[in-house]
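The values are calculated or read from the model by the stated rules, or taken from the named source; none is laboratory data. Since the model is a prediction, treat every value here as computed from it, not as a measurement. With ideal geometry, Cβ positions are generated from the backbone for all residues, glycine too; neighbour counts draw on all protein chains shown. The accessibility values were calculated without ligands, DNA or RNA, using every heavy atom of the protein model including side chains. Shrake-Rupley method; radii C 1.70, N 1.55, O 1.52, S 1.80 Å.
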Amino acid sequence: MENVIDSHQHFWKVERFDYPWMSPEVDVLYRDYLPPALDPILKRCGVERTVLVQASNSVEETRWLLSLADQYPFIAGVVGWVDLTSREVDTQLEEFAAHPKFKGVRHLVESEPDDSWIIQEPVLNGLQELASHDVSYDLLVHMRHLKHVRVIAERCPELRLVIDHMAKPPVARGDTSEWAREIRKVTPYSNVSCKLSGLVTEANRTAWRTDDLKPFVDKVLEYFGPERMMFGSDWPVCLLAASYDRVLDALRSLLAELSDEDRSCIFSKNASEFYRLQAQANAA
């Protein structure tokens, strides 16, 4: 398959920024990951472009990610961070929007002690600011947050939203029921998409098989359809359970029976349209 776009990967420097979700005990992650490590993997796998996603709630990290995007052409877009609760959110957005590769915002919602953080009034006001700047929002949420996603979709109908990692379903347990019931409730909102990413780290990390992912992938295909799904590797987090190649191969296998057009949507077209990457490519 040609022209694959990876809608979700990370770079980080462990001593430079604060990563509340990372621990020194997890050796495979607690080290620097930078573009020279990923570039040959992308070439080997036939992945042309990526969307680089924040991993620290920090404007300084976002500036650094944008500087990496300046240096490495394969980074087609950056999903950074702004302080959605701050009166400075508009100023921060103005700064980042001046960069042609700034495409979206994410907050580490899963690290917030209050599950309802995402629907607090200042946050909703900040999300509406994103919509006014035509900037998308990545929802780093778990199943327990999905009821709040419906509130956001209703309050911010002009905001392009994407659920990261399918809201982290219980792949290791193999039980789709509760997760499927909750994620299905967000599908009527046409401004919500879903990333086909992060599944291998929710599976049995040392013994997962492609078939373990199938019931969950089948559900999002049924609910969102190929027109609202996009492939993401979640590299290097995926290394907890699988290499980049194995993640991509597993998803290609699970989607093999789709039409060429539907696979093209999931592996390229949808990410390009959602993150407005085509405008960037045209300007290059």
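Can you give me the long-range amide H partners of Val105? Hydrogens built in the peptide plane at 1.01 Å from N, cutoff under 5 Å, separation of 5 or more residues or another chain.
Sorted by chain and number, the residues that satisfy this are Gly80, Ser136, Tyr137, Asp138.
What is the extension gain from Arg63 to Asp218, computed as 0.36 nm multiplied by their sequence separation minus the C-alpha to C-alpha distance, in nm to one decimal?
On the way: separation 155, 0.36 × 155 = 55.80 nm, distance 3.75 nm.
Value of the extension gain: 52.0 nm.
For the residue pair Ser23 and Ala256, what label-to-label distance in nm results when each label sits 7 Å from Cα along the Cα-to-beta-carbon direction?
3.8
Output wanted: per-residue J couplings in Hz (rounded whole) for the stretch 97-104, from phi through Karplus 6.51 cos²θ - 1.76 cosθ + 1.60, θ = phi - 60°, x for Gly and Pro.
The phi angles translate into 5, 5, 8, x, 9, 7, 10, x Hz.
Any idea what the dipole of the chain comes to, in debye rounded to 20, about its Cα centre with Lys/Arg Cβ at +1 and Asp/Glu Cβ at -1? List each step's numbers first, then the result.
Values: 32 positive and 45 negative charges, 103 e Å.
Dipole about the Cα centre, nearest 20: 500 debye.
Using modelled backbone amide H atoms (1.01 Å from N, in-plane), which distant-in-sequence or interchain residues come within less than 5 Å of Ser233's amide H?
Those qualifying (amide H under 5 Å, at least 5 residues apart or on another chain) are Ser7, His8.
Given the whole protein assembly as supplied and a 1.4 Å probe, what does the accessible area of Leu29 come to in Å², nearest 10?
Roughly 10 Å² of Leu29 is accessible to a 1.4 Å probe.
Let me spell out the model: positive unit charges on the Cβ of Lys and Arg, negative unit charges on the Cβ of Asp and Glu, origin at the Cα centre of the stretch 76-120. What dipole size does that give, in debye rounded to 20?
Numbers: 4 positive and 9 negative charges, 65 e Å.
Result for the stretch 76-120 is approximately 320 debye, rounded to the nearest 20.
Please work out how much length the chain gains when fully extended from Arg246 to Ser132, using 0.36 nm per residue of separation minus the C-alpha to C-alpha distance, in nm with one decimal.
Between Arg246 and Ser132, full extension yields an extra 37.2 nm.
Please identify every one of the GluC sites (Glu not before Pro) in the stretch 227-264 that sits in a loop by DSSP and has no more than 15 other beta carbons within 10 Å of its own beta carbon. The partial results should precede the final answer.
Details: sites: Glu227, Glu257, Glu261; in loops: Glu257.
For GluC sites (Glu not before Pro) across the stretch 227-264 that sit outside H, G, I, E and B with at most 15 neighbouring Cβ atoms in 10 Å, the list reads Glu257.
Take the cross-link list Lys43/Lys195; Lys101/Lys168; Lys43/Lys185; Lys43/Lys219; Lys101/Lys219 and give me the ones stretching past 29 Å between alpha-carbons.
Values: Lys43/Lys195 22 Å; Lys101/Lys168 27 Å; Lys43/Lys185 38 Å; Lys43/Lys219 31 Å; Lys101/Lys219 32 Å.
Beyond 29 Å between Cα atoms: Lys43/Lys185; Lys43/Lys219; Lys101/Lys219.
If I take every Cα pair under 8 Å that is 6 or more residues apart in the chain, average their sequence separation and divide by the length, what percent do I get for the relative contact order? Kindly include the intermediate steps, with their values, before the conclusion.
Details: 498 pairs, mean separation 51.9, N = 284.
For the chain, the relative contact order is 18 percent.
Using alpha-carbon pairs under 8 Å, 6+ residues apart, how would you state the relative contact order of the stretch 197-277 in percent? Each step should come with its number before you reach the end.
Working: 66 pairs, mean separation 31.2, N = 81.
Dividing the mean separation by the residue count of the stretch 197-277 yields 39 percent.
Towards the positive end of the charge dipole of the chain, with charges on Cβ (+1 Lys, Arg; -1 Asp, Glu), say which of Tyr275, Ser190, Leu248 has the farthest Cα.
Toward the positive end, the furthest listed residue is Leu248.
What is the gain in length, in nm to one decimal, between Val14 and Tyr72 on full extension, counting 0.36 nm per residue of separation less the C-alpha to C-alpha distance?
Numbers: separation 58, 0.36 × 58 = 20.88 nm, distance 2.04 nm.
Contour length minus Cα-Cα distance gives 18.8 nm.
What distance in nm separates the two pseudo spin-label positions at Lys43 and Lys185, each 7 Å out from Cα along the beta-carbon direction?
Rounded to a tenth, the inter-label distance reads 4.8 nm.
Kindly provide the helix-only [θ] at 222 nm of the chain, computed as the sum of -39,500 (n - 2.57) over DSSP H runs of four or more divided by all residues, to the nearest 500 deg cm²/dmol? Please report the intermediate quantities before stating the final value.
On the way: 11 runs with 106 residues, N = 284.
Value at 222 nm, helices only: -11000 deg cm²/dmol.
Go through Val14, Gly174, Pro73 and say which Cα lies farthest out towards the positive end of the charge dipole of the chain; charges sit on Cβ, +1 for Lys and Arg, -1 for Asp and Glu.
Gly174
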